[in-house]
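I have placed the structure first, in the form of structure tokens, so that the comments after it can refer back to it.
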């Protein structure tokens, strides 16, 4: 039975990855900033360690020798928050991976590292869909720039012999996603409006993004554990199908029985400056390596989110 370590296991994606790997029989060690694991995953994992993954001394005490694969999920992921916390995002998102890589190289451990980047690293001003060879941004949100820097750091360790893959998941949504992202924020506004003044204030919903259910995303991660891959390989994880923000809003209104009952108000102050209208990617490389395909429809994702 293979053993894995998941950093940031208490997060949105960490929860779903823990469940997916537990169902497959993996032995799971999780780390997080909280004193203990959340109740949702406590019975799914074999060991939990309270650890700041940017702290080299703390990371040096983790049982890396006992695991075959490390999923580096720890980090900061809210694009909106990153503009007010630029330096924090840069430091945390680079160091949560660099500290792990430094220790693995120092001890010459063969552990496979799956470093989680983002589809936001691509320069939006180029042909679609984005492939792993598309140009990366030189300027963008602090979140996206921090992931470009993280990837550059990873490549230096790969050149020194580290067995590390980089995955670039595009926007993912699903049950349990917290505030700060489109789906939970729209749903919260709809529910608040239904109990209050009946007005839902939104930003620019004409933009379209490549959304994948988080359960499909973690299935892609798990498929890379046993896949024949080369160190330094990069894989997009995406559906290849852009979905407009307006589509998600309309479906949420329909599913909550509130279509036509609320006033939708466009607030320019909620729109991001210079936000690209259309972004989507190609997961052909991942599909060739593992056979992965997204399976969960948007309607099921929304139903499960509402019902969670």
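Just so it is clear, none of the values below were taken in a lab; they were calculated from the coordinates. The shown structure was predicted, so the numbers you read here are calculated from the model rather than taken from an experiment. Cβ sites come from the backbone with ideal geometry, for glycine too, and all protein chains shown count toward neighbours.
Quick notes
- Degrees separating the helix 142-159 axis from the principal Cα axis of the chain, which is the longest one: 20 degrees
- Counting every other Cβ atom within 10 Å of each residue's Cβ, 207, 297 order from fewest to most as 297, 207.
- Within a Gaussian network of the chain (alpha carbon springs, distance under 10 Å), most fluctuating of 202, 69, 94: 202
- Orientation-averaged projection of segment 18-57 equals 3.1 nm² [convex hull of Cα atoms, one quarter of hull surface area].
- Segment 231-308: C-alpha gyration tensor shape, a/c 1.5 cut-off, then a/b vs b/c: oblate
- Cα gyration tensor, segment 67-113 - rounded (a/c under 1.5), prolate or oblate: oblate
- Packing rank of 122-130, 17-25, where each peptide gets the mean count of other beta carbons within 10 Å, highest leading: 17-25, 122-130
- Contour minus Cα-Cα distance for residue 303 and residue 288 (0.36 nm per residue): 2.4 nm
- Of all DSSP bridge pairs formed entirely within segment 1-102, close to 0 percent run antiparallel.
- Model label sites at residue 155 and residue 227, defined 7 Å from Cα along the beta-carbon direction, differ in position by 2.0 nm.
- Evaluated on the chain, the Kirkwood hydrodynamic radius is 20.1 Å, with distances taken between all distinct Cα atoms.
- If you take the Cα centroid of segment 26-55 and the Cα centroid of segment 235-260, the two points sit 32 Å apart.
- Computed [θ] at 222 nm, helices only, for the chain once each DSSP H run of length n ≥ 4 contributes -39500 (n - 2.57): -11500 deg cm²/dmol
- Note on residue 49 and residue 201: the extension gain reaches 50.6 nm, defined as 0.36 nm multiplied by sequence separation minus the Cα-Cα distance.
- Cβ crowding within 10 Å ranks 178, 102, 151 as 178, 102, 151, fewest other Cβ atoms first.
- Linear extension gain, residue 24 paired with residue 87, 0.36 nm per residue minus alpha-carbon span: 18.8 nm
- Mean-position separation - Cα centroids, segment 64-78 and segment 1-16, in angstrom: 7 Å
- When both bridge partners sit in the chain, DSSP labels roughly 10% of those beta bridges antiparallel.
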